[in-house]
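Data first, discussion second: the structure below is written as structure tokens.
The values are calculated or read from the model by the stated rules, or taken from the named source; none is laboratory data. The structure displayed is predicted, hence computed values, not measured ones. Cβ atoms come from the backbone with ideal geometry, glycine included; neighbour counts cover every protein chain shown. Note: areas computed on protein heavy atoms with side chains; ligands, DNA, RNA excluded. Shrake-Rupley method; radii C 1.70, N 1.55, O 1.52, S 1.80 Å.
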Amino acid sequence: MKLIKHISLFILILATSIASAQVKFEVKASKQKLGINERLRIDFEMNQDGDNFNPPDFSNFTVVGGPNQSVSNSWINGVRSYKKTYSYFLAPKSRGTFTISQASITIDGETYKTTQLEIEVSAAVDIPKDPNDPTFLASENIHLVAEVSKTNPYLNEAITVVYKLYVSPKIAVDNWNEIDSPRYNDFWSQNINTQGQKVQNGSFNGEDYRYLVLRKTVLYPQKTGKLNIEPLSLNIALRVPTNRRDIFGSLLMTRVNKTVSAGNKTINVKPLPEAGKPMDFTGAVGNFNFNVIASKTELDATESFQLKVGVKGNGNLKLFKLPKVSLPSSLEVYEPEHDENVSTNLSGMQGSIADSYTVVPQFKGKYPIPSISFSYFDLKTESYKRLSSNEIVINVLSGPTNNALSNGNNSGLNPNKQAIVYNNDHFAFIKTKTNFSSINISYFFKTKLFWSLMLLPFLAIPLAIVVRNKKASRDADVYGNRIRKADKLARKYLSSAKKSLGKKEAFYIALEKALHNYLKAKLYIETGDLSKDKIISLLKEKQVDEGVIKDFINILESCELARYTPIDIVTMQEDYDKAAKTISLIDKQAR
């Protein structure tokens, strides 16, 4: 009888140990039917710790929270109880019946999977508004708002987006952090420094609120039609009152984490009118003044002077090209140096841009610099305007005379008319007697110079052979030639950025402009098409490696971020070298 009891006890202990050792990995849902405006919690639970947890693809849901991990480990009557949970919070994207596929995990070298789970999403349901629910109180008393200055601007007209966080006096905010920043595709953007902003008093929906300006951004749309301004999203830690009081009668506060979003904003960008558009219009939009100034108008030949073509005013100063100058051929003109003195505030870009040409006259005379025109679209009158400079006459006082322009051509005579040569010896006396004298004739034949010239071609033959072989070898090196050509191209586009090394804002503006100019020349696209998605698509079509494309996009993003983050010269040099290398690689790989 005792033997039977011992056997029964042994079997019971063995069964208990086997049951406790059995691995469990299962999925649980907070609800299997919900409205489209509700949230769903999914828990993946296991009774033993594992590795390589792979969640399912929540393709029909938006993950608004998670994965959150929790572990429970306890001993009860000598028996260990262990539970580990991965939790996700989901928001449905549309109505319908959806399947949450299997999750997997590896425990003790074996892979375990959960079962599939079906979730039914119906139309929106009424959610009870419990005034004592901390989440409801938070959603009713904190708001993130994006204020857009204009929703139907013209192409390249400045608009501003101001993000304000409104907080009710009933709640307290501890801290916040950005979880999603807008990228402003299809816009030229500039963030305005908002550091040092103070909390202000205002009203929201007719109630008293406090608010703080979080961000100010100036945007210049680069495409027409409906453009989307992405939302700014914040995760905020705040405290809301409860219906409980402390021993002194004050309301107790509870901590809540709340995600708020400014929401998408859509603007309708109008194209610039075609009626009356000048032929030389290059995209300038705003209100500008135009001038052409010569540093001096009187000088001597081979001296130099500066000819400055400048635009000043309020508008898209960094997004158009200045008109080129056309000078007489007797004036030697060098490539212009571009200078920008532009600041950005809530009304857009303000300041001036200029091209400075170094001009060197070669001959004596007077040289007219003809009038130069500049066209822009005036937003106040919604019409095109043309500004023209005055004619400038450069007087070169001394120097060699240009025969082609002598004999009155500079004073308005026909420049194709042949100059008249006057001869004062028409009736010179003809001598009738000659005095002869002996001369010593020296012969060139067999002199040292004669033999040197005779041997020179033979000496030059080996040198010509070496040069020819070197050139043939260089021409045959197709890969090397492509590298040299690509490196030269990179230096060409990045020359302006290199000059600005050490000046953060000027350097990154020049670097971004160089990258855009290279893309426009390489991919044959306009400035309005320079979105990141478009760039990636075109470079992939050109069979450029994905790593190179990623580096190029990273450099563009660095240019955008560098405008409002501290950067040292070492980082600038690294970004310059990376840009040169990336341009070189794209030029080698693009087909």
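Structure data summary
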quantity	calculated
Selection count, region 339-351, where residues are open to solvent by less than 60 Å² (accessible area, probe 1.4 Å) and either touching a Gly at 6+ places or on another chain (Cβ under 6 Å) or closer than 30 Å to residue 400 by Cα (or both)	1
Subset tally (residues that are open to solvent by 70 Å² or more (accessible area, probe 1.4 Å) and under 28 Å from residue 559 (Cα atoms)) for region 153-184	6
One residue from 490, 497, 460, 506 being surrounded by 12 or more Cβ atoms within 10 Å (Cβ to Cβ) and modelled with pLDDT of 75 or more	506
Filtered residue count, region 362-391, keeping only those that are among the β-branched types (Val, Ile, Thr) and in contact (Cβ under 8 Å) with a residue 40 or more places away in the chain	2
The one condition in (1) open to solvent by 20 Å² or more (accessible area, probe 1.4 Å); (2) in contact with a Phe, Trp or Tyr (Cβ under 7 Å, 6 or more places away or on another chain); (3) at pLDDT below 90 that residue 270 fails to fulfil	(3)
Candidate set: region 192-205, residues that are β-branched (Val, Ile, Thr) and part of a loop (DSSP other than H, G, I, E, B); chosen: the one surrounded by the fewest Cβ atoms within 10 Å (Cβ to Cβ)	199
Which numbered condition residue 124 fails, given (1) open to solvent by 30 Å² or more (accessible area, probe 1.4 Å); (2) of a type in the set (A, V, I, L, M, F, W, C); (3) out of contact with any Phe, Trp or Tyr (no Cβ under 8 Å at 6 or more places or on another chain); (4) modelled with pLDDT of 90 or more	(4)
Residue match in region 71-94 (condition: closer than 21 Å to residue 258 by Cα, polar (S, T, N, Q), open to solvent by 80 Å² or more (accessible area, probe 1.4 Å) and free of Cβ contacts under 8 Å to residues at least 24 places away in the same chain)	no
Positions within region 23-50 being at pLDDT below 85, open to solvent by 60 Å² or more (accessible area, probe 1.4 Å) and of a type in the set (D, E, K, R), in sequence order	39, 49
Options 336, 370: the member that is surrounded by fewer than 16 Cβ atoms within 10 Å (Cβ to Cβ) and either over 21 Å from residue 505 (Cβ atoms) or within 29 Å of the chain's Cα centre (by Cα) (or both)	370
Selection within region 105-123 - closer than 19 Å to residue 61 by Cβ and not in a loop (DSSP other than H, G, I, E, B)	117, 118, 119, 120, 121, 122
Within region 206-246, strands (runs of 3 or more DSSP E) holding 2 or more residues that are of a type in the set (Gly, Ala, Ser) and at pLDDT 85 or above	233-245
Enumerated strands (runs of 3 or more DSSP E) restricted to region 353-404, each holding at least 1 residues that are under 18 Å from residue 321 (Cα atoms)	373-378, 383-388
Any hit, region 168-183, residues being in contact (Cβ under 8 Å) with a residue 12 or more places away in the chain, closer than 30 Å to residue 285 by Cβ, in a strand (DSSP E or B) and not hydroxyl-bearing (Ser, Thr, Tyr)	no
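Residue-by-condition table, conditions (1) touching a strand residue (DSSP E or B) at 6+ places or on another chain (Cβ under 6 Å); (2) touching a residue at least 12 places away in the same chain (Cβ under 8 Å); (3) surrounded by fewer than 18 Cβ atoms within 10 Å (Cβ to Cβ); (4) part of a strand (DSSP E or B):
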position	(1), (2), (3), (4)
279	no, no, yes, no
289	yes, yes, yes, yes
301	yes, yes, no, no
307	yes, yes, no, yes
311	yes, yes, no, yes
